[in-house]
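K.L.:
To start, I am sharing the structure in question, which I have written as structure tokens.
What follows draws every value from the coordinates through simple rules; no lab data is involved. Bear in mind the structure is a predicted one, so any value in this text is a computation, not a measurement. With ideal geometry, Cβ positions are generated from the backbone for all residues, glycine too; neighbour counts draw on all protein chains shown.
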Amino acid sequence: MSRSLPLVVVIPGIGGSKLADASGTIVYRDGLGPLLSVGRDPSVLDPNNELRPVGLIGHCSVICWQLMTGYDGLLNGISKGLGLPPDRVVTAGEELVDPDATVVAFPYDFRRSVEHIANDLDRVVRARAQGRRVVLVAHSMGGLVAAWWWAFLSEGIDVAEIITLGTPYRGAAKALNVLVNGMRIGPYVPQAVTDTVRTWDSVFDLLPHYQVVNGNDKYRYPYELPSGITSAITGFSGKARAAYAKNRCLHDALVNKVAESGSNPFTVYYSQGHATLGHASIDTHSDGLVVAKGNPRAIPASWDGGDGTVPAFSAIPDIVESDFSRWRRLAGKHQGLVEEKPVFEHVSEYARDRLPAAARGARGHDVDAYLQLDLEDVVLAGTEAEVRLRVVDKAGSVLDVGNVGGNVGGKRFLANRRDDGWWSAQLPALEEGVHSLMLSATGVPNVDRLVLKTRVGAAS
């Protein structure tokens, strides 16, 4: 059984689009060369430089000392699920190439605000929908773009579904840490890169829009921080306050639109339990801002952790908070959410007629146990790095297992049991680049063996 396919638009996260200058030279893309060139002259990404998006980052890469998600796996998985060859994916651009294409990659200038990018998305969707239903599949900040578009710009478009993967609807403490404390790798802060990133509107849109600061009632939100902490960022308070107001406006608009239209197209995928930056405090000795893993006091303990980048509670927007059928929990970390099979299977349903509930049978979206880890996305090349792991059941309770270990860069390692329920190990020194990391636990109750595949970047 088959039916007409919708228009599927894939929207990447921040840093997930290739950018070219006026001459057509791609100045930001995946690969070691771009890392070195952008590292030497990050001013190429200054917002005053006119750049245009020309494609999605294909392979997971270390760029500007950050691990950037690659989207080839997502595009190929969606195409295969819909019964299409991978070469049928079209990249949205200035020219309307193959207007009948089913799968369209939407690159964007990630230095701009969510609202600005949503307006660009609107032009692409309207040029290509042609009466077809529209499905948006969006990763990380791309989900905020999709949400803004649906809330304010989607009138007249038949939106079948908006699928978001690790989207920080309530912001992420990682963005606050980058702005205030810099793009850090170990003890090093590449200052020129940090100064450039501090000029991007998008990073302010990603700031925590919840009470992220613990320890006092005066400073709770980023825009309330004392000027001594944020003095290195021009106009920080005003930009942070404006971003907070826009985020609240977005949430209110989504709630109102769902109520008025009687429809809700959102399905949210998230991950929980990996150690994730979630709260901040002001150090009484240095007066600096300390951004740490774990959630702020206002968040219930059941929401502990996230995907390593986005806290779990931030990935669930107001409009689906009470509708658990729209939640989908995945096992991976932030960069790996785009390559998990449940996402491909989800989109593939649009290639088939909808079966009645009795024929589909019951389908759960949780597994019995999850392997969680505490590991920075990027480590120093040539230096051993600590990784902590543990296994929990779907309720979040720590499980006693037999052995924990893994393999990275072709080198095996074993973890040692700690007294707090975690296991710890030293990753072997890695060469500069991106490395596949496989972690496993054996003797897991009711499961026996549990495997988690992810990536770690090494930079110098």
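K.L.:
Out of every Cα pair in the stretch 369-459, what percent are spaced more than 19 Å from each other? Write out the running numbers ahead of the final one.
P.N.:
Details: 1452 of 4095 pairs.
It works out to 35 percent of all Cα pairs.
K.L.:
Right, here's the next one. What list of ³J(HN,Hα) values in whole Hz, one per residue of the stretch 378-389 in order, does the Karplus curve 6.51 cos²θ - 1.76 cosθ + 1.60 (θ = phi - 60°) give from phi, with Gly and Pro shown as x?
P.N.:
Per residue, the Karplus-derived 3J(HN,Hα) values read 10, 10, 6, 5, x, 10, 5, 10, 7, 10, 10, 9 Hz.
K.L.:
Turning to a different aspect of this structure: Cα centroids of the stretch 195-213 and the stretch 38-73: how far apart, whole angstrom?
P.N.:
18 Å
K.L.:
Taking R0 as 22 Å, what FRET efficiency do you get between residue 416 and residue 394 from their Cβ-Cβ distance, rounded to the nearest 0.05?
P.N.:
On the way: r = 26 Å, r/R0 = 1.18.
The calculated FRET efficiency here is 0.25.
K.L.:
Spin-label point model (7 Å from Cα, Cβ direction): what's the residue 451 to residue 248 distance in nm?
P.N.:
Reported label-point gap for residue 451 and residue 248 is 4.9 nm.
K.L.:
When only C-alpha pairs under 8 Å and at least 6 residues apart count, what is the relative contact order of the chain, in percent? Write down the numbers at each step before the final one.
P.N.:
Numbers: 1014 pairs, mean separation 66.3, N = 460.
Across the chain, relative contact order equals 14 percent.
K.L.:
Amide H neighbours of residue 56 under 5 Å, counting only residues 5+ apart in sequence or on other chains, H built in-plane at 1.01 Å?
P.N.:
Under 5 Å from the amide H of residue 56: 18.
K.L.:
In addition: Under 5 Å between amide hydrogens, which residues at least 5 positions from residue 409 or on another chain qualify, with H placed 1.01 Å from N in the peptide plane?
P.N.:
436
K.L.:
While we're here: Expressed as a whole number of Å, what is the distance separating the alpha-carbon centroids of the stretch 393-419 and the stretch 280-327?
P.N.:
Between the Cα centre of the stretch 280-327 and that of the stretch 393-419, the gap is 24 Å.
K.L.:
Work out from phi, with θ = phi - 60° and the Karplus expression 6.51 cos²θ - 1.76 cosθ + 1.60, the ³J(HN,Hα) of each residue of the stretch 23-29, listed in order in whole Hz, and give x for Gly and Pro.
P.N.:
So the J values, rounded to whole Hz, are 7, x, 6, 7, 9, 9, 7.
K.L.:
What are the radius of gyration and Dmax of the stretch 46-149, computed over its Cα atoms and given in Å?
P.N.:
Spelled out, the Cα radius of gyration and Dmax of the stretch 46-149 are 14.0, 43 Å.
K.L.:
Moving to a separate point now. For the chain, just say rounded, prolate or oblate: build the C-alpha gyration tensor, square-root its eigenvalues into a ≥ b ≥ c, call rounded for a/c under 1.5, and beyond that prolate if a/b exceeds b/c, oblate if not. Walk me through the numbers before you get to the answer.
P.N.:
On the way: a/c = 1.32, a/b = 1.11, b/c = 1.19.
Rounded, since a/c falls under 1.5.
K.L.:
Give me the percent relative contact order of the stretch 369-459, please, defined on Cα pairs under 8 angstrom at least 6 residues apart. Spell out each step's value before the answer.
P.N.:
Numbers: 218 pairs, mean separation 30.5, N = 91.
Across the stretch 369-459, relative contact order equals 34 percent.
K.L.:
May I ask for the longest run of the chain untouched by trypsin sites (Lys or Arg not before Pro) that are loop-located per DSSP and have at most 14 neighbouring C-beta atoms (other than their own) within 10 Å?
P.N.:
Working: sites that count: 3, 218, 297, 352, 354, 363, 394, 418.
Within the chain, the longest run free of exposed trypsin sites (Lys or Arg not before Pro) spans 4-217.
K.L.:
Under a 5 Å amide H to amide H cut-off, with H placed in plane at 1.01 Å, what residues pair with residue 31 once short-range neighbours are removed?
P.N.:
62
K.L.:
Let me ask you something else. Taking θ = phi - 60°, what integer Hz values does the Karplus form 6.51 cos²θ - 1.76 cosθ + 1.60 yield along the stretch 263-274, in sequence order, with x for Gly and Pro?
P.N.:
10, 9, x, 8, 10, 10, 9, 8, 10, 9, x, 5
K.L.:
Distance between the C-alpha centers of the stretch 252-274 and the stretch 216-233? Whole Å please.
P.N.:
With the stretch 252-274 and the stretch 216-233 each reduced to a Cα centre, they are spaced 30 Å.
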